[in-house]
Structure formats: structure tokens, C-alpha cells
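Undergrad: This is the structure I have questions about; it appears just below.
The values are calculated or read from the model by the stated rules, or taken from the named source; none is laboratory data. Note that the structure is predicted; figures quoted are calculated from it, not measured. All Cβ positions, even for glycine, are placed from backbone atoms using ideal geometry, and neighbour counts span all protein chains on display. Areas reflect the complete protein model, heavy atoms only, side chains present, ligands, DNA and RNA absent. Shrake-Rupley method; radii C 1.70, N 1.55, O 1.52, S 1.80 Å.
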Amino acid sequence: MEATRHQLGAPCHHPLELTLHKASNDIKGVVQINPATGVTERMYLPFAQYLAAQGFAVVTFNYRGVGLQSMEAKSVDAGFTDWADHDIERITSWVSEHFDSLPHFAIGHSFGGHAIGLCESSQRLTAAVTICSQAGCLRFIRPLHERWKVALLLKVIGPVTAKLLGYFPGKRLGVSENVPAKIMQQWSRWTSMPNYFFDDPEVDAAKRFARPAMPLLAIGIDDDRWAPSEAIDLMTSYFTGCAVTRMQLGSHESQGAPVGHMGYFRSRHADTLWPVIGQWLHRQL
């Protein structure tokens, strides 16, 4: 298995780096994995190796400002729309330029799936997968005590610490990696909107989501309290140009193992859940 690092220039003097994984030079297609908020590419490495062993080249990366120490994170001025419009746009363009003759797929986890809808460059994709990508409104979160817990984090602790420190100290709080303050500010505001960022005129998300025209597999997880099925359905309804296949996975598919919002990419699901995406990608070749 070969993994090589590549550096891309980026706005604000914060370069992007990606890792290209491949098992051989006989490549069927290329898959970029757009990560969730506050998660580094490390979490996706076993899954990337799984896909590479099946003949795909796989690109993993970190968003600007994720996983940095406090002083470094404080210097990054980037929000969700910056991650989509600059970071992922550059990643997608790099893949298209270097593998222009091969099918180009994207797998988006949580916000990474949102970015598939937000990015203009998604029109270059052959097909895409979203997993646990939802309209992140507080109103969807159940049970009630979980909603209050999330509200405390996203409406109080997150915005206050981001304002005081200049970044969100997710690592210190034990909830995520450190992320830029602007991420927490946007996230906090959107969670109270009935339709999440689709109600924010500055984002113009509905128009953006209507641009791509491709097969799209949208996966939800039954025990994911942050992304219940109706929240995923709301988000995927805006992919009006895509042929959407909607799939909900539960304990039967995971053979009783818990999954939640962050667990799909854990190695314990290699024989049960990972083939769902692997087989679907092969059908799109």
C-alpha cells in the first residue's frame, strides 16, 4: 500500500495537504473523502486502505484549522463556506487535473456531505456518497435530553469559548479536534434555523445543491442521534438534479454493533458496513 503526501497552496497562507492512497498503478477510479467537522483524516485511513485494496486511488485530507494547536488554530479565519468554497474546491480540482481520464467519486461524512452540495466543482463528479449528512437543526435531535446537551454545546459553550479564545477548543473539551472560531459561530446560528443553512441567504444553499447531476447514495444510521432519518431526508431533498438512492442502516446490517454519527469508518465495520459503499461505487464504474 502506497501513501504519498501532496501540498496545495491555499488562501490566507494556510496550505492544504492531501494524502493519496493506492495499492497499485492499475486504478479503476478515484475517491476523495470529505471529512466531518472537527475530524482529521486519521479516522478515515483504514477505510481509505480498504478502498485502495479494491483498485481505487483514495484522497484524504484535513480542512484548514482542524487539528492544530491553540495558537495555530486561532490564526485561521475559516468557516464552513470557506472549507467548501476553497478547501474542497481545491481538492476536487487537484483530483480532476491529475486523474482526468478516470471516474471521480466523493464520499462526504456529515459536513463533508454538505460540501458535495455546496461546491461548484461537484459538477465534475461521476457519483457521490453522503453518510450521516443531515440538516443539523436542533429540532430533529432526540431524545430531549440529547437535544439539550447538544444545545448547550452549540449555543452556549461553543460560541462563548470561540469568542474568548479565538478558536473552539474541541480537543480540550474532549468532543473534537480544535476548529476555527468562525466554524462554531456559523454552526451555532444555523442549528436554530428550521431548515438549517438552507434558510441562510448568505449561503444560497438551495441553488448550490441544485447544480450537481449524478447518482447519489445518501446513507443514514439508525442509532445516530445527531442525524435522524428525517434530517437526512430534508438535506437530500435539495439535491434536485441528482438520482438519489436513500439507504438507512441499522443493527441488522452492523450485526448488532453500535455505529452512531462517527462510527461508520471504524475498522470493526469492515466486513459489514464498508461493503455497502464499496459495492455501490463499483456499480457506478
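Undergrad: Please enumerate the residues belonging to the stretch 132-171 that are among the aromatic types (Phe, Trp, Tyr), closer than 27 Å to residue 206 by Cα and either open to solvent by 30 Å² or more (accessible area, probe 1.4 Å) or over 21 Å from the mean Cα position of the chain (by Cα) (or both).
TA: None - no residue of the stretch 132-171 is among the aromatic types (Phe, Trp, Tyr), closer than 27 Å to residue 206 by Cα and either open to solvent by 30 Å² or more (accessible area, probe 1.4 Å) or over 21 Å from the mean Cα position of the chain (by Cα) (or both), so the list stays empty.
Undergrad: Additional query: Looking at 243, 210, 257, can you tell me which residue is in contact with a Leu (Cβ under 8 Å, 6 or more places away or on another chain), modelled with pLDDT of 95 or more and loosely packed, with under 15 Cβ neighbours inside 10 Å?
TA: Criteria check complete, one pass: 243.
Undergrad: For the stretch 265-274, how many residues meet the condition of being within 19 Å of residue 127 (Cα to Cα) and either of a type in the set (Lys, Arg) or out of contact with any Phe, Trp or Tyr (no Cβ under 9 Å at 6 or more places or on another chain) (or both)?
TA: Selection size over the stretch 265-274: 0.
Undergrad: While we're on this one: I'd like the full set of residues that are at pLDDT below 95 and either among the aliphatic types (A, V, I, L, M) or within 16 Å of the chain's Cα centre (by Cα) (or both), limited to the stretch 16-37.
TA: Scanning the stretch 16-37 gives 16, 23.
Undergrad: Does the stretch 90-146 hold any residues that are over 15 Å from residue 216 (Cβ atoms), in contact (Cβ under 8 Å) with a residue 40 or more places away in the chain and touching a strand residue (DSSP E or B) at 6+ places or on another chain (Cβ under 7 Å), and which are they?
TA: If the condition is that a residue be over 15 Å from residue 216 (Cβ atoms), in contact (Cβ under 8 Å) with a residue 40 or more places away in the chain and touching a strand residue (DSSP E or B) at 6+ places or on another chain (Cβ under 7 Å), then 90, 91, 92, 94, 95, 99, 102 are the ones that fit.
Undergrad: Here is a further query. Among residues belonging to the stretch 84-113 that are of a type in the set (Phe, Trp, Tyr) and over 18 Å from residue 205 (Cα atoms), point out the one that is least open to solvent (accessible area, probe 1.4 Å).
TA: Looking at the filtered set, the residue picked out is 105.
Undergrad: (1) in a helix (DSSP H, G or I); (2) crowded, with 18+ Cβ neighbours inside 10 Å: which one isn't true of residue 268, the others all being true?
TA: Of everything listed in (1) in a helix (DSSP H, G or I); (2) crowded, with 18+ Cβ neighbours inside 10 Å, residue 268 misses just condition (2).
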